[in-house]
1. Answer yes or no as to whether Phe89 is aromatic (Phe, Trp, Tyr) and out of contact with any Gly (no Cβ under 9 Å at 6 or more places or on another chain).
2. Mind checking which residues of the range 72-124 are among the β-branched types (Val, Ile, Thr) and modelled with pLDDT of 85 or more?
3. List every residue pair whose Cβ atoms lie under 8 Å apart, where the two residues are 6 or more positions apart in sequence or sit on different chains, the first residue falls within the range 173-200 and is among the small types (Gly, Ala, Ser) and modelled with pLDDT under 75, and the second residue, located anywhere, is outside any helix (DSSP H, G or I) and crowded, with 24+ Cβ neighbours inside 10 Å.
4. Just the residues that are closer than 16 Å to Leu181 by Cα and surrounded by 16 or more Cβ atoms within 10 Å (Cβ to Cβ), please, taken from the range 80-103.
5. Read through the list (1) of a type in the set (Val, Ile, Thr); (2) buried (at least 24 other Cβ atoms within 10 Å of the Cβ); (3) farther than 23 Å from Phe258 by Cα, then give the number of the only condition that Val55 fails.
Amino acid sequence: MSVFVFTLIVLAGSYLAGLLGSLTGLGGGVVIIPLLTVLLNVDIHYAIGASLVSVIATSSGSAAAYVKEGITNIRIGMFLEIATTIGAFFGAMLALHLQTSFIAILFGVILIFSAFMSLKKKDTQVNQQKSQWAEKLKLNGTYPDNGQTVTYGVRKVGGGFAMMAFAGLISGLLGIGSGSLKVVAMDSIMRIPFKVSTTTSNFMIGVTAAASAVVYLQRGYINPEISMPVVVGVLLGALTGSKILVHTSSSQWLRWVFAIVVTFLAVQMIYNGIHQKV
């Protein structure tokens, strides 16, 4: 395969990854890593390095639009980033000492869990209960929805913080934004509305990935020839996705798209991990 064809495939795949990552709050890593390892036979450590760069690009491309629209809860994002950044650093250090086949299998399992949780969650009424810690930290907020301002409360701050530390660990270990776990923590545990949890996840994943990327950069696992088309494609896809989500009234179809895509990718990753093809 020529360099030109390789770059075009990575660019097109990265655009779709950025689009999906922006719409679901997951980051592009859930598509980038299987694309590079399964289809293009790239070493998984280099794929993780490129994925981390793409996650930063996704966050940069879409988070600005969401903040401008007033959907992202910046205070929640900054508070929870304390946990995810610490977890991401230790996860990246651990990943350098594990077999690639084990990482691939674990990646597939996490994807299947993400797909299951995505379909399990349903749009419910906005939570109005406010915990004591949420009041002290001023985490409760509002967001615009169809021309109206919706007020919501935040619950179980401690549980969400603990889940974020685990999400950061998985992010550093697998090179993804771990947005699925972050959305689960904010949506299911802290009872934050799905639109807010998705956009806040996009705001957070860039910082989490940056903490992991430093480790991979020092070890030489970030290749500019791979990362460049990944960043360009993901950034364009993220900008497109942010424009779509702002004008979307229902998020259920996003969950179905996410579940179908990542389940297929998860099966491929687990298969390749078991047969040591990565």
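The values are calculated or read from the model by the stated rules, or taken from the named source; none is laboratory data. Nothing here was measured: the structure is a model prediction, and the numbers come from that model. So basically every Cβ, Gly included, is an ideal-geometry build from the backbone, and we count neighbours across all protein chains shown.
1. Working: aromatic (Phe, Trp, Tyr): yes; out of contact with any Gly (no Cβ under 9 Å at 6 or more places or on another chain): no.
No, not satisfied.
2. Applying the first criterion (among the β-branched types (Val, Ile, Thr)) to the range 72-124 yields 72, 74, 76, 82, 84-86, 100, 103, 105, 109-110, 112, 124.
Across the range 72-124, the qualifying residues are Thr72, Ile74, Ile76, Ile82, Thr84, Thr85, Ile86, Ile105, Val109.
3. So the pair list comes out as Gly177/Leu26; Gly177/Gly27; Gly177/Gly28; Ser178/Gly27; Gly179/Gly25; Gly179/Leu26; Gly179/Gly27; Ser180/Leu26.
4. Leu80, Glu81, Ala83, Thr84, Thr85, Ile86, Gly87, Ala88, Gly91
5. All conditions pass for Val55, except number (3).
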